[in-house]
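Below you'll find the structure, written out as structure tokens, and then a few comments.
Read-outs: derived from the displayed coordinates by stated rules, not from any lab. Just so it is clear, the structure is predicted and the values come from calculations on it, not from any experiment. No Cβ is skipped: glycine too gets one built from the backbone with ideal geometry, and neighbour counts run over all protein chains shown.
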């Protein structure tokens, strides 16, 4: 079952009903040991724990007799059903308010499927809409009976046949080495030491390595982690690999080009820095500074940094997006705020409604949003081009569009490119 869950990426919900008929218990004081078992214990090498002894125990005790014995049995019948849901559909159910780990919530829906499958009369009320939503995402379900007449589909009629054909539905066990007592082996002076040898060998036997598909291919691909069930493990893949055995290389999408001229940091009295560097005092490595005198008297100063070269190095914190009325990531910075990985800067102006805002990057790992500013020129070419294209001459590279801005102070013509 665990293998199927992993192979098909499926969650299995198990429901069962048990009919108890009779319990059988062993009278251990009257337990008889076979001559063969006594012979094996008698000839068990003693009394140092080494590879020879462990091999003898594995080969002649565990292989032939296992390492436990049954002390009591409960006979009866079981009606059971498995409901299969893909992990994708499980995610959808959880988005609709179902909690797969919450038995109280989920059991009502599974119980209805179980009751219908086995024609069980179930009188408690349930939410029909909730049940229909749940069953829509059930991939498959299967029901079986153990014991009784397995051809009968009604659980009431089937339960009446269980006493005539019961099966073991529960049993108690003890470790095999508990049989090695002085009472059962009165002539073996080393029986206590042999018990300890078997106990040590069993401890090592049960500590065998986890089973993971293909051993997760290699330590480079992933490592085997316990699933918590038996000795079954699940591969935890390293970065760059996926699949149940971590054998599938994950192809990373190529990094986009970050164009020369990408604007970072913008100062005009107030404003923002580029990667922690104030454009009025300098620029971070790989960036070039620009300064404009702005205003009717030319007394105002704008400073900004722009990327020097086109490459695939991630744009730095402070990269400007959504300035002068353009949206950033589809959002109006003034009224809607900024997308994830960006923060808003707002300032008072002498034009428009007296307020404007732009976004600047705060997480260098996010992909540059639409509205990212590239190239910023004034009055014919003073400033930064965008990957060799001059906005004031009407040019922008593919994937960018031109924005032109005429200001009524200083008769300035400002142009820049923004990412589509």
ask   = Quick one: length gained pulling residue 38 to residue 70 fully straight, 0.36 nm per residue minus the C-alpha distance?
value = 9.7 nm
remark   = With label points set 7 Å from each Cα along the Cα-to-Cβ direction at residue 405 and residue 58, the distance between them in nm comes to 7.5 nm
query = Between residue 182 and residue 200, what is the spin-label point distance in nm, taking each point 7 Å from the Cα along the Cα→C-beta axis?
reply = 2.2 nm
remark   = The simple spin-label model distance between residue 344 and residue 168, using points 7 Å out along Cα→Cβ, in nm, is 7.0 nm
query = For the peptides 363-374, 226-237, 311-322, what is the packing order when you average, over each peptide's residues, the other Cβ atoms within 10 Å and list the highest mean first?
reply = 311-322, 363-374, 226-237
task = Under 1.5 on a/c is rounded, so check that first for segment 162-270, then, if it is not, pick prolate when a/b is larger than b/c and oblate when it is not; a ≥ b ≥ c are the square roots of the alpha carbon gyration tensor eigenvalues.
result = prolate
Centre separation in Å (Cα based) which lies between segment 154-231 and segment 13-36 = 16 Å
query = Taking Rh as the Kirkwood radius computed over C-alpha pairs, what is the Stokes-Einstein D of segment 186-340 at 4 °C in a medium of viscosity 1.567 mPa s, expressed in µm² per second?
reply = 60 µm²/s
note = So for R0 = 45 Å, FRET eff. of residue 255-residue 142 from the Cβ-Cβ r, to 0.05, ends up at 0.40
query = What shape does segment 263-419 take by its C-alpha gyration tensor, where a ≥ b ≥ c are the square roots of the eigenvalues and a/c under 1.5 counts as rounded, a/b above b/c as prolate, and the rest as oblate?
reply = rounded
query = Between segment 287-346 and segment 362-408, what is the C-alpha centre distance in whole Å?
reply = 10 Å
